[in-house]
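See structure below.
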Amino acid sequence: MNGERNDFLQEFRLIVAIFAVLIPNNRRVSADDATIMASFAKSLSPPPVGWSGNDPCKWPGVECDGMGRVKSINLSSMFVTGRLPPDINQLSSLKTLNLEMNKLSGPLPPFSYLSSLEDLNLDNNNFTSVPPNFLSGLTNLRTVSINDVPSLAPWTFPGEITESSSLVSFSCGRCNLVGPIPDIFGSIPTLQILKLSYNNLTGGLPPSLAESGIQVLVLNNQLSGLSGRVDVLGNMEQVTQIWLHVNKFTGPIPDFSGSQFLSDLELRDNLLTGVIPDSFASLPKLSNVSLQNNMFQGPMPSFPRNVQVNLGNTDRFCYPVPKPCDQEVNLLLEVAKELGYPLVLADSWKGNDPCEDWDFVACDVSGKVSVINLSKHSWVGTISPAIGNLTGLRQLLLHDNKLTGVIPETLTNLPHLQLLDLSNNNISGKIPHFSSNVTVKTDGNPFIGIDLPKPSPPPPVSRQVILVIPKEREEEQEHDDRDER
């Protein structure tokens, strides 16, 4: 029995000796963190209450792991001034850095050495610049929030976030972002929230948004205005909220029938044109639609009663109530559709009478459309077969554009057609047989008479969506949304 006890005591002494060797090393590592934290404390004015002493693990707002390394710093709403010390990026065990609602200034240091960082919040401060590759190497990053820091020098969207394979939320409103939004979102399948409002972003919506799992897309109120078409929105099947208001987007609203989770759509104050799709009526979660101050045409849309809708001035629609348009109005809007609903057409093609101040259109004494002159606009698109139903048409002038496709056979059915001018386009295929009374001009079309192959349809989009937003973040998101509207 005594022998067993002696063996136990020897093993116990050995364990104690091992800990005696290891513990000083741990203290040495945490001593490095202590030095960095002491430097950080000295840079702040006034110093946060309780930020004194040699052990930052005991300071309010600071948490350490079992090895004595700093893992979390929370200085939210302390209203301190000062700068971030350059060596703060040496806190390699730091997982959470929350500095929101302070008056911190100066340049931001590179955070690339914060290899453990998961959550970064720099909202409402006075930082002056962002270094290149600011977030490079942060593979564990989950959330980034840099809202309301207008003092930052202009900087571009950090494409290095593609290295953050767990990124869920990137929010940078009023942070002086400039330039285009990079086409990288197919490489960040975990991203669910992208909020970049009140910046100076330019260009269009990146096509890779269709390959993402983004649920909240907030890009409203860009200083110069994002532009281009919004077709990609119709392929964002997981999206719940889209805010693109106060920009310069053009073209029609896409079909949202595949976006069954969509609840909040803000497209007001743009240059959108065309007919508002009826797919909104089939969206079960839709609760808010804001479309005022655009250039929509055609029939006034109908929405379910539980949807809050703002259409603004309804004079542009055929009628101020949901009601079918005149047949010739519908046919002309089909013509505009094949051209992408150009702004110059939307400017005057409104209401329910094409004979009343519609540009590029003339009518005969019976009130039927007799002339369509859409020449010399360099428009891209195709010739709508619907033109063949404009039975009073005598002249169709489409020359000097960039039209493609074939000449519709339906045009040969027009009983009064006298002139068809398609010269100087990119029309292909054979010329249909027209009556001898019709003058057909097709010179300047290098592919006329040639049957070009039809383009292959795009491959199906593969999406990987990972829902990882905890409940408390959902509640924070709802609060932020109310503030931004």
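Nothing in this text is a laboratory measurement; each read-out follows from the coordinates by a stated rule. Since this is a predicted model, take the numbers as computed values, not measurements. When we count neighbours, we look across all protein chains shown, and the Cβ atoms used for this are built from the backbone with ideal geometry, even at glycine.
Remarks
- With the convex hull of its Cα atoms as the shape, the range 122-259 has an orientation-averaged projected area of 7.4 nm².
- Where both bridge residues fall in the range 327-441, DSSP classifies roughly 20% of the beta bridges as antiparallel.
- When each of the peptides 209-222, 438-451, 287-300 is scored by the mean number of other C-beta atoms lying within 10 Å of its residues, the order from highest to lowest reads 209-222, 287-300, 438-451.
- Gap separating the Cα centres of the range 136-178 and the range 411-457, nearest whole Å: 52 Å
- Using every pair of separate Cα atoms, the Kirkwood estimate puts the hydrodynamic radius of the chain at 26.9 angstrom.
- Looking at the chain alone, DSSP beta bridges between its own residues are antiparallel in about 10 percent of cases.
- Set Lys195/Lys248; Lys285/Lys337; Lys337/Lys430; Lys285/Lys323 screened for pairs whose C-alpha atoms are more than 20 Å apart: Lys285/Lys337; Lys337/Lys430; Lys285/Lys323
- Theoretical FRET efficiency, 1/(1+(r/R0)^6), r = Cβ-Cβ of Leu343 and Ser151, R0 56 Å, to 0.05: 0.95
- Rounded tilt (10° steps) of 2-42 against the dominant C-alpha axis of the chain: 60 degrees
- Estimated D of the range 217-270 in µm² per second, where Rh is the Kirkwood radius over Cα pairs and Stokes-Einstein applies at 25 °C, 0.890 mPa s: 218 µm²/s
- Helix 327-338 and the longest principal axis of the Cα set of the chain meet at an angle near 50°.
- Share of alpha-carbon pairs per 10 Å distance bin for the range 327-441, given as whole %: 14, 51, 31, 3
- The range 314-389 and the range 29-69: distance between their alpha carbon centers, rounded to Å: 70 Å
- Cα-based shape type of the range 187-282, given that a ≥ b ≥ c are square roots of the gyration tensor eigenvalues and the cut on a/c is 1.5: oblate
- A dipole drawn for the chain from +1 and -1 charges on Cβ atoms has a positive end, and of Pro432, Ser290, Asn54 the residue lying farthest that way is Asn54.
- Projected onto planes of every orientation and averaged, the convex hull of the alpha-carbon atoms in the range 40-175 covers 7.5 nm².
- Per residue, the average separation of C-alpha pairs within less than 8 Å and at least 6 apart gives the range 327-441 a relative contact order of 21 percent.
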